[in-house]
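One structure is given below, encoded as structure tokens.
No lab work stands behind these numbers, since they all come straight from the coordinates. Since this is a predicted model, take the numbers as computed values, not measurements. We place every Cβ from the backbone using ideal geometry, glycine too, and count neighbours over all the protein chains shown.
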């Protein structure tokens, strides 16, 4: 009744992986990989760093993701473009979540100090 999409997905993944290694898309791939590592690093270390520093780093991530999105506008291959936009969306969502958590924590600390 339903088709097994595992072959289709692996063919899609293989195609996009191969295309992203080409010089035309290499810069975008490197940018996305760096932003992924940055977001993961911020997420794992913000409990041990200054909240202001973490927020500044997340602002920089947003700026870089916007630059990558502008670069993606020139991508003609719709499958590669979709992959790039999907990765940007995932990273942007994670970034927004971290910003919300950090802001909530900063606000909580300020409220606790005001009541003390």
Single residue of 60, 69 found to be under 22 Å from residue 16 (Cα atoms) and assigned to a helix (DSSP H, G or I)
69
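Can you tell me which residues in the stretch 86-102 are buried (at least 16 other Cβ atoms within 10 Å of the Cβ) and under 28 Å from residue 17 (Cβ atoms)?
Taking the stretch 86-102 as the starting set, the residues that turn out to be buried (at least 16 other Cβ atoms within 10 Å of the Cβ) are 87-88, 91-92, 94-95, 98-99, 102.
Of everything in the stretch 86-102, those that are buried (at least 16 other Cβ atoms within 10 Å of the Cβ) and under 28 Å from residue 17 (Cβ atoms) turn out to be 87, 88, 91, 92, 94, 95, 98.
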